[in-house]
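Nothing in this text is a laboratory measurement; each read-out follows from the coordinates by a stated rule. Computed from a predicted model, the values in this text were never measured in an experiment. Every residue, glycine as well, gets a Cβ built from its backbone with ideal geometry; the counts of neighbours run over all protein chains shown.
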Amino acid sequence: MPVLMDEILAAEGGWTGWRSFAVAERIRVSSHITLFILTPQDGHPVLRQKPGQYLTFRLKPDGAPELARNSPISCPSNGEYYRI
């Protein structure tokens, strides 16, 4: 296993694979921009991100193929939630 992966798994809030999050809050910034506060459904902390990091989402729309999308994390690192 690569050294970086070891560091991530050992860090508080670290995980590997897919993890379920819930939309805890939606913040409408403008008619075209909405921020989402995402909290982990398992109640454990989230990994403290570094500037420029992003999350990959697996979306399963009804009647359509599964999609994967990336979104930058737009909040200061806090160990509790992510904002995208």
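So here's what we get for this one:
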{"read-out": "Matching entry among Arg48, Arg28 (being out of contact with any Pro (no Cβ under 7 Å at 6 or more places or on another chain), surrounded by 11 or more Cβ atoms within 10 Å (Cβ to Cβ), at negative phi and basic (Lys, Arg))", "value": "Arg48"}
{"read-out": "Selected residue (criterion: nearest to the chain's Cα centre (by Cα)) from residues of the stretch 31-43 that are under 21 Å from Thr16 (Cβ atoms) and exposed (fewer than 13 other Cβ atoms within 10 Å of the Cβ)", "value": "Gln41"}
{"read-out": "Subset of the stretch 64-84 (residues that are surrounded by 10 or more Cβ atoms within 10 Å (Cβ to Cβ) and assigned to a loop (DSSP other than H, G, I, E, B))", "value": "Ile73, Ser74, Cys75, Ser77, Asn78, Gly79, Glu80, Tyr81, Ile84"}
{"read-out": "Tabulated pairs, the stretch 14-36, first within 14 Å of Ser74 (Cα to Cα), second part of a loop (DSSP other than H, G, I, E, B) and not charged (D, E, K, R), C-beta under 8 angstrom, 6+ apart or interchain", "value": "Leu35/Val29; Leu35/Ser74; Leu35/Ile84; Phe36/Ile84"}
{"read-out": "Selection status of Ser77, of a type outside the set (A, V, I, L, M, F, W, C) and more than 16 Å from Trp15 (Cβ to Cβ)", "value": "no"}
